[in-house]
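What follows is a set of notes on a single structure, which appears directly below.
Values quoted throughout were computed directly from the atomic coordinates according to the rules given, and no laboratory measurement underlies them. Everything numeric in this text was worked out from a predicted model, so none of it was measured. Cβ: placed from backbone, ideal geometry, glycine included. Neighbour counts: every protein chain shown.
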Amino acid sequence: MNADVLILGAGPTGCALGSYLAKRGASVTLIEAVEFPEGVVGESMLPCSAGVFEELDFDTSGFMVKHGAVFCDQGQSVRFDFSEAEEPRWTSAWQVQREVFDIRWRQTAQRHGCRIVYAKALDVELPGVVVTDQGKLRGDWVVDSAGRTMWLSAKLGLRVGDARLRNSAIGTRCVGVKQVAPDQVGDITICCIPGGWIWIIPFGGGMASVGVVMSPACPLRGSAEERFAAAIAASPDAQRRLSDANRIFPFRGLQDFTATSTAFHGPGFALCGDAATFIDPVFSSGVLLGLHGARQLAAAMDGGDMDAWTQEYREGAGVFRRVIDCWYNGDFMTVALAPRELQKPYFRKGIVSLLAGDVYNPERTAPRRMSMRMPEIAAAVRQYKSNQLSAAPAEHA
Ligand SMILES: Cc1cc2nc3c(=O)[nH]c(=O)nc-3n(C[C@H](O)[C@H](O)[C@H](O)COP(=O)(O)OP(=O)(O)OC[C@H]3O[C@@H](n4cnc5c(N)ncnc54)[C@H](O)[C@@H]3O)c2cc1C
């Protein structure tokens, strides 16, 4: 591929895109505002990201290995192991401290021949010019992968928020987080609280990323410290894990993060990763979508079909989006915690394949089917439980 490409943002999406493009012969410049990345959200990977890691020879050594996900709701819990997915190719993933992960992505991009310029992108003059605080850069393509601010998308009038997901989050890092059962070490734990949920992402040695996501219905109020403490107190499972924990990072607040763009590309430009579309983080899908989007975008930019890329990218995100609705209306946990006699093999296969991020393989029908059928299955589970309840007095009589 004979082109000069300017990529805004050297996060995982920008670095993966740059690496794939450089491998195809493009001359790639990554423009990055922050020289030393800080620990940020986006720490729990999904197994299907491993394909990109392998193709780009990304170094995962030393990261905590994650074999599954545990969901807890007021003392009830269910664990999904990635080995239960439909024809799993990868049965584990990683929990990553982003300050390390992002540096490794930059090193990966440089190894593949990308140049990194440390400068803050201030404006884009299409076609082909990026204005930074260090001067102007010119290229044949400009790709925005500078994350959730979606500033090129907003500048071009493409950004649309998601009225159904007006959530906020506070996150931090703790030490002294209690271990769980030996077969769950490394798993992400998600604990339900009224109107929200808590994540616990272990890094080993009792250190973990801990955060709270709150929907507008969440009753938590006050300072970050107060809301964090009240959220933990509202979940017996989180309380058990965090009773001796100490916070070692300041709180980081994030708001209204779900949004997409009405177009992902146009003459001489493209949007990828969070800069194109970001959906709620409950299923840890952000990095996977960015990496997969980058992989396919590189092929599309190299003489492929940009519209087909957009459609595929949207479809994968759409599978997660449907199940995220089911998370916030309670259908997901209803299905996940369905009585054993109702559990069908395809329940778990569908859920686990989704949690593994297997949303882009047309041969895997289980996650797509599950995302379509979850409301109907949840209704059947609720009906079964209510029939049991109404039958109970007669049985005891
Ligand atoms: C509460 C919360 C929890 C999350 N948890 C997870 C999780 O567990 N797993 C997961 O996969 N995802 C998670 N995510 C999503 C994840 O953080 C993102 O999807 C992922 O980081 C996107 O990668 P990216 O490369 O597209 O953008 P980013 O990681 O945001 O990288 C963008 C880069 O662009 C740079 N940049 C920004 N502006 C400029 C500028 N003007 N000029 C130059 N450079 C610039 C930034 O410094 C950064 O290096 C979570 C998100 C939220 C909100």
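First select every other residue whose beta carbon is under 14 angstrom from the beta carbon of Leu254; then total the charges, Lys and Arg +1, Asp and Glu -1. Working shown, then result.
Values: positive: Arg98, Arg148, Arg166, Arg227, Arg252; negative: Glu38, Glu43, Asp256, Asp274, Asp280.
Neighbour charge sum, excluding Leu254 itself: 0.
Any idea which of Val52, Phe251, Val142 is furthest toward the positive side of the dipole for the chain, if Lys and Arg beta-carbons carry +1 and Asp and Glu beta-carbons -1?
Phe251
Which of these, Gly195, Gly253, Gly222, has the largest mean-square fluctuation under a Gaussian network model of the chain (Cα springs below 10 Å)?
Gly222
Over the stretch 269-397, how many percent of alpha carbon pairs lie in each 10 Å bin up to the one with the longest distance?
12, 36, 26, 14, 7, 3, 1, 0
Restricting attention to the alpha-carbon atoms of the stretch 289-359, what are Rg (one decimal) and Dmax (integer), both in Å?
Using the Cα atoms of the stretch 289-359, the pair Rg, Dmax is 15.9, 52 Å.
Compute the acute angle (0 to 90°) between the alpha-carbon long axis of helix 306-328 and the principal axis of greatest extent of the alpha-carbon atoms of the chain; round to the nearest 10°.
Here the helix axis deviates by roughly 30 degrees.
Give the angle, between 0 and 90 degrees and rounded to the nearest 10, that separates the Cα long axis of helix 12-23 from the longest principal axis of the Cα atoms of the chain.
Helix 12-23 sits at roughly 50 degrees to that axis.
Using the alpha-carbon atoms, what tilt in degrees (0 to 90, nearest 10) does helix 98-111 show relative to the longest principal axis of the chain?
40 degrees
Taking the Cα centre of the chain as the origin and placing charges on Cβ (Lys, Arg +1; Asp, Glu -1), which of Trp309, Gly128, Met333 is farthest toward the positive end of the dipole?
In the chain, that residue is Met333.
GNM, the chain, Cα, under 10 Å: largest mean-square fluctuation among Asp280, Asp133, Asp144?
Highest fluctuation among the options: Asp133.
What number results when the radius of gyration of the stretch 8-163, computed over Cα atoms, is divided by 2.2 N^0.38 Å?
Taking the Cα Rg and dividing by 2.2 N^0.38 Å, one obtains 1.21.
With a 10 Å Cβ neighbour count serving as the proxy for reagent exposure, in which order, fewest first, do Cys272, Cys174 appear?
By the 10 Å Cβ count, ascending: Cys174, Cys272.
Stick to the Cα atoms of the chain, pair each with every other, and give me the Kirkwood hydrodynamic radius in Å at one decimal.
With all distinct Cα pairs of the chain included, I get 21.8 Å.
First measure r as the distance between the Cβ atoms of Lys178 and Arg340, then evaluate 1/(1 + (r/R0)^6) with R0 = 30 Å and state the FRET efficiency to the nearest 0.05.
0.60
P(r) tail for the stretch 170-255, what percent of Cα pairs lie past 15 Å?
Everything past 15 Å amounts to 53 percent.
What share of the DSSP beta bridges in the chain is antiparallel, in percent to the nearest 5?
Numbers: 50 of 70 bridges.
So the antiparallel bridges amount to about 70 percent of the total.
Would you list Tyr360, Tyr313 from fewest to most Cβ contacts within 10 Å? Each step should come with its number before you reach the end.
Working: Tyr360 20, Tyr313 24.
Final ranking by Cβ density, sparse to dense: Tyr360, Tyr313.
Quote the charge dipole size of the chain about the Cα centre in Debye, to the nearest 20; the model charges only the Cβ of Lys and Arg (+1) and of Asp and Glu (-1).
Details: 40 positive and 43 negative charges, 109 e Å.
For this selection, approximately 520 debye.
Sticking with the crude label model, points 7 Å out along Cα→Cβ, report the distance from Thr60 to Ile248 in nm, one decimal please.
About 2.4 nm, to one decimal.
Kindly provide the helix-only [θ] at 222 nm of the chain, computed as the sum of -39,500 (n - 2.57) over DSSP H runs of four or more divided by all residues, to the nearest 500 deg cm²/dmol?
Using -39500 (n - 2.57) per qualifying helix, the result is -11000 deg cm²/dmol.
By counting other Cβ atoms within 10 Å of each Cβ, how are Tyr118, Tyr20 ranked from fewest to most?
Working: Tyr118 14, Tyr20 26.
The order, fewest Cβ neighbours first, is Tyr118, Tyr20.
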